[in-house]
Structure formats: C-alpha cells, structure tokens
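Only one structure is covered here, and it is reproduced in the block below.
All of the numbers you see were taken from the coordinates with simple rules; none came from a lab. On a predicted model such as this, the values are computed, not experimentally measured, just so you know. Cβ sites come from the backbone with ideal geometry, for glycine too, and all protein chains shown count toward neighbours.
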Amino acid sequence: MQRPEKTIYWIGGSARAGKSTVANMLAERHGLHVFHTDNTWGERAAMATKEKQPFLYRVRNMTWDEIWSEPIELEVENYIKQQEEELGLLVKQVENLPYSQIVVEGVSVLPRILLDYPHIVTESIWLVASPQVIEKYYPGPDQWEDQARYSNHFTNEYALGRFLKRDQAFAEYVAEEAGKIKAPLIHVESPRVFEGLVDGLEKKLKLS
C-alpha cells in the first residue's frame, strides 16, 4: 500500500530556544504528531556504522568522563559532525512514521536539510538562543539529582560549564549555516512568552 503524502514541519536550532515547547503547542493547536529527536537518539546511534557515521558511532560508546577529558574545542567539533551524520538517519526515521501530519523538533534538524532533503520539508524554521538565554534556562547543578549519570570524576558545576560552552558554540554554528543558505531563522535574544513565539511561528510555517 502506498504511504499517504506527508506534511512535515521542521523546527531546528540551539538548546534552550523553545523548540520542544513551541512544537508541542503547535501540535495541540493543529492536530500534528510531534517527533522529539532527543527521544530517539539511541535509535539513530544504534543505526550508525563506523564507515558511514564515524563520529556518531564513536560517541555512542563513550562516557562523559571520556568526552570531557578532551579539549572543549574538540568536543564542539565532534558534536557538530555528529549532528551532521545524524541528519540522514533522522530523515529515515521520519519517513517511516505512520502519520501524515508531523512536526519534528530538535538540534539534529540542521539547515542543510533544505539542500540535502528538500523533498521531505513542507516548511521549516530555526530558533537560536543567545548565550544569556541558554544560560538562564539551563538546569543548574543542584537540579541534577544523579551526578553519576554524567560523570564519576567531574563535578556537576564542571559538567554544566561544558554543556553551556558546547551549546553556545553550536548555536553560533546553526546561525551561520542558516545564514549561508538564507534559511528562516529566529534569534531568541531574551526570555520570551512562548504563546507569542508560537503565534509568529504559525505565520512563518504557514499554519495560520
């Protein structure tokens, strides 16, 4: 049986920019199925091969201790390459979903999807948070109940610092890549009321 044509909205961008929140709100308003890429990272990691996705293949077996023992510049470089490798696997996951109207959100939704996989994009938008917004909405060290989840050797404060540096660098990367191909981009420069952000996204994604 031939699959029905899909309508797929893609929301990418940096951490703490409101991707999950606005995707959930859009889905509730318009009856869309929400696909949160964070929830299926393990599936994509399991699909990775050493030959085709070497960075994703490598990181899936690494501990946070091993990752944080490397210079932050190398971690950022590897993280970006990992996301680039994940994009093709993500597209396969979404293509196989049994839904006809979908909103996909997550950091793995890169602007290059418009170049590499235009056939699967109905509309798209990227949200990039400023360093101040990322830091404001990041969980503090006291909110991480299970330190062992991250590291056996580094403190929660150190872990938070690494996450912040990585995600701020990734935000700059996404903004630069979106700019190169003139992909639709919203800079989240200050804490925003998500209701207003969703109203604006509805127009940009042509949902209203």
(request) Name all residues of segment 15-59 having a backbone nitrogen under 18 Å from the label point set 7 Å from the Cα of ILE72 along its Cα→Cβ direction, giving them as ranges. (result) 15-16
(request) Calculate the spin-label point distance for TYR137 paired with LYS92, positioning each point 7 Å from the Cα along the beta-carbon direction, and give it in nanometres. (result) 3.1 nm
(request) For ASN152, put the label point 7 Å out on the Cα→Cβ axis and report which residues of segment 50-71 keep their amide N under 13 Å from it. (result) 63-66
(message) Which trypsin sites (Lys or Arg not before Pro) in segment 1-83 sit in a loop by DSSP (not H, G, I, E or B) and have at most 13 other Cβ atoms within 10 Å of their own Cβ?
(response) LYS50, LYS52
(request) Taking the chain as the reference, fit the longest principal axis to its C-alpha atoms, fit the long axis of helix 72-95 to the helix C-alpha atoms, and give the angle between the two in degrees, 0 to 90, nearest 10. (result) 30 degrees
(message) Modelling each spin label as a point 7 Å along the Cα-to-Cβ direction, I'd like the ARG60/LYS6 distance in nm, to one decimal.
(response) 2.0 nm
(request) Sort ILE120, ILE181, ILE11 so that the residue with the fewest other Cβ atoms within 10 Å of its own Cβ comes first and the one with the most comes last. (result) ILE181, ILE120, ILE11
(request) Please work out the Cα center distance from segment 157-207 to segment 99-129, rounded to the nearest Å. (result) 13 Å
(request) Could you please report the charge total around THR7, scoring K, R as +1 and D, E as -1 over all other residues with beta-carbon less than 11 angstrom from its beta-carbon? (result) 0
(message) In the chain, once you exclude exposed GluC sites (Glu not before Pro) (DSSP loop, at most 13 other Cβ within 10 angstrom), what's the longest stretch remaining?
(response) 52-144
(message) I want to check the label-to-label distance for GLU51 and LYS206. Put each point 7 Å from Cα in the C-beta direction and report it in nm to one decimal.
(response) 4.0 nm
(request) Note the per residue figure in Å³ for the convex hull of the C-alpha positions in segment 7-199. (result) 128 Å³
(request) Calculate how steeply helix 19-30 sits against the longest principal axis of the alpha-carbon atoms of the chain, using the helix alpha-carbon long axis, and give the answer as 0 to 90 degrees to the nearest 10. (result) 20 degrees
